[in-house]
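The values are calculated or read from the model by the stated rules, or taken from the named source; none is laboratory data. Quick caveat, the model's predicted, so the values are computed rather than measured. Using ideal geometry, Cβ is built from the backbone for each residue, glycine included, and neighbour counts are taken over all protein chains shown. Heavy atoms of the whole protein, side chains included, go into the accessibility calculation; ligands, DNA and RNA do not. Shrake-Rupley method; radii C 1.70, N 1.55, O 1.52, S 1.80 Å.
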Amino acid sequence: MSFTSNVEPNTRMGGSAFLVLLSILLFSTSEGKPNRRLSSFPEDFEFGTATSAYQAEGAWNVDGKGLSMWDHLVRTTPESIFDNTTGDVTANSYYLYRRDIEMLKELGVVNYRMSISWTRILPNGDTSYVNPLGVAHYNAVIDELLANGITPFVTIYHWDLPQSLSERGGWLNESVVEWMADYARILYENFGDRVKKWFTVNEPYVHCYLGYGSALHAPQIESPGLGYYECARNMLLAHARAYRLYDEEFRASQGGEVGIVLSMDWPIAESDTEENNSAVKDYIAFGLGHYMDPIFSESGNYPQRVIDRVAAVSKEQGYSASRLRPLTDEEVDYLKGSADFLGLNHYTSKIIYRNESLVMRNEPSVLDDAYYGEYYDPSWPLPGGYIYEYAPGFYSLLMHVKAAYNNPKVYVTENGCSVTQTGLVDDVKVRYYRNYLSALLEAIEGGANIKGYFAWSLMDTFEWNFGNTLKFGLYETDMEDPDRRRVARKSALVYKEIARSKVIDFDYDVDPHTWLNSSLV
């Protein structure tokens with residue numbers, strides 16, 4: 001996911017049509033299938049799938065769980081959700097986690113990315129009370145995963161801040177850094193003997209803009225030029241605090257690793273002009289760079305492009321200082337190197353431009369600070385929902401991370417597309433996965449240090465503002481069934497074969513209905 005420019009989309013194709021066509025030709029064979037010279041994934045490459053707690057668990061007020069800011073949002077502004085659904089029950093994984101793990105076994109994957117609900121562990125938000133039933137639940141899930149040979153990759157924070165902490169300022173309050181550390185310590189103490197792969201926070205770029213910039217997500221604060229930057233700063237420092245805590249108190253005894261999950265759509269210049277190329281650089285700097293540079297670059301700190309542009313626009317707007325509060329030297333050092341690996345989410349690409357058609361508002365906004373226009377190339381397939389398919393952008397992103405950040409260890413922690421209709425034959429999703437995994441193979445062949453891949457998502461779940469209208473799942477979830485029956489789609493069975501053989505066979509075909517009938521015998 002990504003935030004969207006505040007300027008009107010430019011629908012002119014300009015020089016981008018040639019650039020996009022050229023990249024497709026370079027990336028494809030004569031049959032139109034991705035050019036995969038590498039015959040198979042490396043033997044040690046790991047496949048998995050992913051979900052998050054609020055989106056999948058349900059049981060919103062069961063067994064002592066406290067109120068999260070998403071529990072609050074769906075009750076106070078239900079119109080924010082396209083279909084007026086909630087995460088109260090959703091896929092009901094709190095009760096059906098054994099079926100979820102059975103599905104992982106059916107797929108033959110070895111990793112599962114999950115998150116832990118802050119308010120299921122700490123109902124009050126702080127450590128005044130640790131909920132034993134919440135701890136017991138996640139102990140049961142983790143033990144069941146390990147008993148089935150599946151490694152849990154656990155996200156500490158996936159957007160469900162306790163409402164009690166949100167009412168104290170949430171990610172705009174500097175105290176959240178210590179709140180996060182207190183919460184992380186409880187998780188390390190209770191689960192770190194078995195969990196060896198941790199992610200601190202999920203997609204701070206998206207979370208801060210949609211939650212504290214555009215007000216689309218919880219906690220629905222609209223402050224795109226001030227609150228967004230404070231949220232980003234505090235999420236980075238909270239990440240580093242959770243990382244350093246593990247490093248200092250738990251690594252020696254537990255032997256695990258801690259990373260962060262970042263995300264970006266890939267930008268493509270509309271045409272080869274100085275302004276468009278500069279806009280692409282700013283898109284990268286304000287998106288991925290804002291979060292990658294402080295942690296993974298040799299120099300640390302925010303990208304200089306971001307520092308300079310926000311300072312210049314702030315001055316034009318009459319501010320005496322930049323709206324981007326600078327990191328202190330101590331904070332720069334604290335952040336630098338605070339990740340053992342990168343979790344990278346990616347779904348789509350965009351055409352980026354900068355020209356005289358852009359109109360800048362004279363008010364604080366990260367979008368005006370970055371100052372670019374964007375649109376999707378209408379020639380790209382749109383499987384369903386909002387994710388346009390353009391696999392060469394995935395390759396470009398992976399190679400950018402390799403070149404710009406000294407080739408860090410990467411897990412692709414989310415990638416996939418949605419359909420909007422029910423049914424088990426999802427050929428558009430099959431095509432998407434094959435093309436994007438082929439792009440990933442090309443990046444591995446190019447030397448990118450990519451260790452694993454997580455398909456988003458294991459089954460259909462609650463998709464934030466989209467509710468149940470978007471179906472990302474490899475397994476279809478019947479949201480009308482009280483038992484929330486899950487059934488494998490064709491994409492699940494194709495992914496299963498890729499995970500088994502470590503080869504992308506474009507000729508492999510399977511009928512999910514036949515497979516379902518045989519599995520019931």
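Observations on the model:
- All positions within segment 460-479 that are open to solvent by 30 Å² or more (accessible area, probe 1.4 Å) and in contact (Cβ under 8 Å) with a residue 60 or more places away in the chain: F466, N468, T469, K471, M479
- Being within 27 Å of C417 (Cβ to Cβ), in contact with a Gly (Cβ under 7 Å, 6 or more places away or on another chain) and in contact (Cβ under 8 Å) with a residue 40 or more places away in the chain holds for only one residue in W198, W266, and it is W266.
- Matching residues in segment 206-232 - criterion: being open to solvent by 10 Å² or more (accessible area, probe 1.4 Å) and at negative phi: Y209, L210, S214, L216, P219, I221, E222, S223, P224, L226, E230
- V510 being out of contact with any strand residue (DSSP E or B) (no Cβ under 7 Å at 6 or more places or on another chain), buried (at least 24 other Cβ atoms within 10 Å of the Cβ) and farther than 27 Å from Y94 by Cα: no
- Of the residues making up segment 287-346, those that are part of a helix (DSSP H, G or I), farther than 27 Å from S396 by Cα, open to solvent by 60 Å² or more (accessible area, probe 1.4 Å) and out of contact with any Lys or Arg (no Cβ under 8 Å at 6 or more places or on another chain) are K315, E316, D329, E330, D333.
- For segment 29-76, filtering for residues that are among the charged types (D, E, K, R), at pLDDT 95 or above, in a loop (DSSP other than H, G, I, E, B) and open to solvent by less than 70 Å² (accessible area, probe 1.4 Å) leaves 3.
- Residues that are open to solvent by less than 10 Å² (accessible area, probe 1.4 Å) and either closer than 17 Å to L493 by Cβ or among the hydroxyl-bearing types (S, T, Y) (or both), drawn from segment 434-459: Y436, L437, S438, Y453, A455, S457, L458, M459
- Of residues in segment 113-154 being open to solvent by 20 Å² or more (accessible area, probe 1.4 Å) and either of a type in the set (G, A, S) or part of a strand (DSSP E or B) (or both), the one nearest to S457 (Cα to Cα): T151
- Selection within segment 391-433: residues that are aromatic (F, W, Y) and within 22 Å of I351 (Cα to Cα). The member of this set that is surrounded by the most Cβ atoms within 10 Å (Cβ to Cβ) is F394.
- Only residues that are closer than 13 Å to H400 by Cα, in a helix (DSSP H, G or I) and free of Cβ contacts under 8 Å to residues at least 60 places away in the same chain were counted across segment 427-459, and they come to 2.
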